[in-house]
Amino acid sequence: MNSKKHLAVLLICLVVTLAAFAHEGMEHVMGTVTQVSAESITVKTTKGVLVTVALAADTQFMKDKVAIKIADVKMGDRVVIEAKKDPKDATKLVAHMVMIGQMDDKTHHQPHN
């Protein structure tokens with residue numbers, strides 16, 4: 001293999017490794033918003049289960065790749081929420097990012113549905 005091909009293979013391996021670490025420990029909740037408040041979002045998952053995810057001061061909100069605010073999240077919105085278990089309460093999920101809109105299968109990993 002020539003050096004350019006070696007470099008390309010190494011770069012691909014690096015990107016895949018970084019992507020895996022970026023999602024380490026994250027759970028994904030995918031479904032429709034049934035309740036929203038300043039403290040939490042409740043989602044009816046694609047399997048019909050209600051899941052409540054707590055919001056933190058640093059939770060990010062996105063719609064069509066544009067940052068939005070919690071006030072822009074409405075009941076009926078389709079969402080994918082990246083969340084981690086609360087270190088103080090393993091039964092509680094805390095949102096890292098809330099993404100609103102049409103999501104395809106490439107947007108999420110291991111959905112909590």
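The values are calculated or read from the model by the stated rules, or taken from the named source; none is laboratory data. Computed from a prediction, not measured in an experiment: that's the story for all the values here. So basically every Cβ, Gly included, is an ideal-geometry build from the backbone, and we count neighbours across all protein chains shown. SASA here: full protein model, heavy atoms, side chains in, ligands and nucleic acids out. Shrake-Rupley method; radii C 1.70, N 1.55, O 1.52, S 1.80 Å.
Scanning the range 98-113 for residues that are over 15 Å from residue 40 (Cβ atoms) and either at pLDDT 95 or above or open to solvent by less than 60 Å² (accessible area, probe 1.4 Å) (or both) yields 99, 100, 101, 103, 107, 108, 111, 113.
What single numbered condition from (1) open to solvent by less than 90 Å² (accessible area, probe 1.4 Å); (2) assigned to a loop (DSSP other than H, G, I, E, B); (3) out of contact with any strand residue (DSSP E or B) (no Cβ under 6 Å at 6 or more places or on another chain) fails to hold for residue 71? Tallying (1) open to solvent by less than 90 Å² (accessible area, probe 1.4 Å); (2) assigned to a loop (DSSP other than H, G, I, E, B); (3) out of contact with any strand residue (DSSP E or B) (no Cβ under 6 Å at 6 or more places or on another chain), residue 71 fails exactly one: (2). Across the range 23-55, the number of residues qualifying as open to solvent by 40 Å² or more (accessible area, probe 1.4 Å) and of a type in the set (A, V, I, L, M, F, W, C) comes to 4.
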